[in-house]
1. Excluding residue 394 itself, calculate the net charge of residues whose Cβ lies under 10 Å from the Cβ of residue 394, where each Lys or Arg counts +1 and each Asp or Glu counts -1.
2. Per residue of the stretch 362-379, in order, report the coupling 6.51 cos²θ - 1.76 cosθ + 1.60 (Karplus, θ = phi - 60°) as ³J(HN,Hα) in whole Hz, putting x for Gly and Pro.
3. Give the label of the value calculated from the structure for Cα Rg over 2.2 N^0.38 Å, choosing from (i) 0.98; (ii) 1.25; (iii) 1.12.
4. Near the amide H of residue 293, under 5 Å away, which other amide H atoms are found, from residues 5 or more places off or on another chain, if H is placed in the peptide plane?
5. Quick one: net charge of residue 207's neighbours, Cβ under 12 Å, K/R +1, D/E -1?
6. If we sort 304-315, 377-388 on the protection proxy, mean other Cβ atoms within 10 Å, highest first, what's the order?
7. For the chain, what does the helix formula give at 222 nm: sum of -39500 (n - 2.57) over DSSP H segments with n ≥ 4, over the residue count, nearest 500 deg cm²/dmol?
8. Which stretch or stretches of the stretch 345-364 have amide N atoms under 19 Å from the point lying 7 Å from residue 311's Cα along the Cα→Cβ direction?
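The values are calculated or read from the model by the stated rules, or taken from the named source; none is laboratory data. Every value quoted in this text rests on a predicted model; they were computed, and no experiment measured them. Here the Cβ positions follow ideal geometry from the backbone for every residue, glycine too, while neighbour counts run over all protein chains shown. Just the protein is used for accessible areas: all its heavy atoms, side chains included, with ligands, DNA and RNA removed. Shrake-Rupley method; radii C 1.70, N 1.55, O 1.52, S 1.80 Å.
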Amino acid sequence: MAKREANKLGQPGAHLTVRNATLADVPAIVALADRVYTPLKMEGYNSAAIVGQINNFRQGQIVVMVGDVLVGYCATFRISGDVALKPHSWNEITGNGFASRHDIHGDWLYGMEVCIDNAYRGYRIGQRLYNERKKLCQSLGLKGVVFAGRMPNLAKRLKRVGSVENYIDQVVHKKIKDPVLSFQLRNGFEVLGVIPNYLDDDEQSLNYAAHLVWYNPKVPQEDEKPVKKYGVRMPDVVRIATVQYMQRRVTSFGEFLKYIEYFVDVVADYKSDFVVFPELFTLQLLSIEDQELSPFESIEALTKYTPRLKEAFRTMALSYNVNIVAGSHPTRVENGRIENISYIFLRDGRVFEQPKIHPTPNERYWWDIEGGSDLTAIDTDCGPIGVLICYDSEFPELGRHLADQGVQILFVPFCTDERQSYLRVRYCCQARAVENQMYVVMSGNVGNLPGVSNMDIQYAQSCILTPCDFPFARDGIAADTTPNVETVAFADLRPESLIMARNSGTVQNLKDRRHDLYRMRWRGNTKT
């Protein structure tokens, strides 16, 4: 039996180092394998096999060092999913331990070995090596990591559980523990099935292995619809600007556009991808009339501006190369209904509409506004977005419906008169960010409009919210504003952080839903 090394981590100045293996490490790797596998009556490696592993795929061979002592080794290679995802034996897929099946065009990373010195257990060396595997897989843009894992407790428990499949099922459901399989499951691996006759001398596992896979969250799998990119690479960072807009009297439509274009120009100078304005910000146009209009007169006065508004905002989106979420605008639609509609102007010239689903009691009373029935994700050059206008954010079903459609950024233009009303929207927006693991952008009005019905006073603190997990801002707030002053807030949002959180975050709200107990069924998309 190879001599067991004493634990050196207790010595002053000792620390762990994780790096790629070199040919100089070959004798130490062979010795480590002997120390680990000889007590298990399993064969280790000869020097030629380790040399083959390193020479065939140097990136994939990783060691953990404590000073000059090698205490952990991880061996991997690239291979096609057509091979790795089907039943196989260890000798067959690894080329008898040499990693000679390494395929430079392989779309999966195969894990052929993780070997850890027993004297250094308890320092999460296995965790470190698994993390390195995942990082390597992601850096290479591979679909995932696949391997077949040992089940050391199988032989002594098979009689009690009845079959290998039952054993794995009980480990998966935490009714029993297996020192290897339980660890792999905690690391996010999923069971594909059982492989018989995988490793000839693994008596503890009765030569069986659990076929396991970890899917790279950065790479769409074959059954996933990739995000449309419109001929360009998806950005690593999406820059968002939210305008906290001052309601003030204007004397003409041109003066109104001058204020709006000022902000579009500013955010374009900061290379923003999106700018969002508040709900009902176009009611400022009613101050042109210089007299208080009845509700009916107000809507009719606003409706006459709709074509010019759409033309002006579309031109600005194209001219300034920024996607504009143009708050909302009360509009009389073709069937005579009045809806509170958010117009979204993309910088490629496309225009989308999102009606408010739930008018507030005030909107129904003052302007006879009715709710729309269409709620759809909008494809942009920065990924799918959604819009919920103010009160709609207080209905969790709507945010979930958009999340189900793949929305990553939710824009919430709002209009609230005092702090309590504002906080209802704010708290609900934070909840939507957490429960749907998405970014939420709020934009509100400040200032006053004397003479315009239902726009007497305003309270706003616009913000950009994130989920609450390690990749995001500490308090779930990427950007905030001072209440009740006209300003702009910016934040750089990373779509990749959302993908990582949704697939491997501390909590995974979208993945962990109990579809066997409840569901969201949308019956809209029809205007009546």
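1. My count for the surroundings of residue 394 gives +1.
2. Coupling constants for the stretch 362-379: 5, 5, 5, 6, 7, 10, 6, 6, 10, x, x, 9, 10, 9, 10, 5, 10, 6 Hz.
3. (ii)
4. Residues meeting the criterion, in which the H sits 1.01 Å from N, are 453.
5. -3
6. With the highest mean Cβ count within 10 Å placed first, the list reads 377-388, 304-315.
7. Taking each H run of at least 4 residues, the total per residue is -8500 deg cm²/dmol.
8. Within reach of a label on residue 311, which here means backbone N under 19 Å from a point 7 Å along Cα→Cβ, the stretch 345-364 contributes 345-346, 349-352.
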